């Protein structure tokens, strides 16, 4: 383990892939410096490369301070003591300024998914910094991406499940973004406890795949590792969720059920006090 390590990224916005990266780096050093790039989107250096997506305004919706807060709260939430990391601006586009923000004996922990990642490693090495590549993966191996998170935010999709809880909470509180979770409703079985109270104040809508009104048919379709108890557990989750979430929805897919089965689904939803929605078929 080295004394001081560093990482850098845009973190627009902070997602679970970022957290995998940050937490792995922290395991390798006593103190971690987290550099936030594109900290001034109106910088002349940024404008000169504005044709690149990572420098465009729509790809950088969060300010430096907002990203600092999301990272700080998410690291602490993950169990990292606040005194063991700091967050600084990181002028990757102005290499000669980098020494103002990190000590010369720092070790940069990097991950590589594309040529841009390789370029950053080469640039840091040319400046005399020690680098350590934690992993090199293909772009298809990413847990998620900032592009995907931002797209879901714009479209009203399920972006919050891609972010650490603390970051999602920050976004909700400061940007009034409605938060929806799409789920199979089996979280209580997975975690072996009732997790619905944890949704209070964070989630606006929970959308649960009902699939069918029949328990046996549900088991045939879903093939849950929890077996036949899954159907009742899913319904119980929906019922409990109504205590903590304003909108709970059970869904089926259009053309997959008979009209009689859809009527039975409506009756189930009425008994639980939740909304029934028939989703359009998507090929």
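Since every read-out is calculated from the coordinates, none of them should be taken as a lab result. The model shown is predicted, which means the values in this text are computed figures rather than measured ones. All Cβ positions, glycine included, derive from the backbone under ideal geometry; neighbour counts span all protein chains shown.
Annotations
- Mean ellipticity per residue at 222 nm, deg cm²/dmol - from DSSP H runs of n ≥ 4 across the chain, formula -39500 (n - 2.57): -11000 deg cm²/dmol
- In plain terms, the bigger the Kirkwood radius, the slower the diffusion; for the chain, with that radius from Cα pairs, at 25 °C and 0.890 mPa s, Stokes-Einstein puts D at 115 µm²/s.
- Taking the longest Cα principal axis of the chain as reference, the axis of helix 259-272 is set at about 70 degrees.
- With respect to the chain, whose longest principal axis is taken over its alpha-carbon atoms, helix 229-241 is tilted by about 70°.
- Hull volume in cubic angstrom per residue (convex hull over the Cα atoms of the range 2-141): 110
- C-alpha center-to-center spacing [the range 149-195, the range 96-136] in angstrom: 32
- Angle of helix 16-27 to the longest C-alpha principal axis of the chain, folded into 0 to 90 degrees and rounded to 10: 50°.
- Over the range 178-279, relative contact order from alpha-carbon pairs under 8 Å, at least 6 apart, %: 31
- Relative contact order %, the range 2-141, counting alpha carbon pairs below 8 Å whose residues are six or more apart: 26
- A convex hull fitted to the Cα coordinates of the range 68-216 yields 182 cubic angstrom per residue.
- Relative packing of 116-129, 158-171, which averages over residues the other C-beta atoms within 10 Å, highest first: 158-171, 116-129
- Its Kirkwood hydrodynamic radius, worked out from the mean inverse distance over all distinct Cα pairs, puts the range 1-41 at 10.7 Å.
- Expressed as a fraction of 2.2 N^0.38 Å, the value expected for a compact globular protein of N residues, the C-alpha radius of gyration of the range 178-279 is 1.01.
- The label-point distance for residue 84 and residue 223, in a model that sets each label 7 Å from Cα toward Cβ, rounds to 4.1 nm.
- Mean separation of Cα contacts under 8 Å (6+ apart) over length of the chain, as relative contact order %: 15
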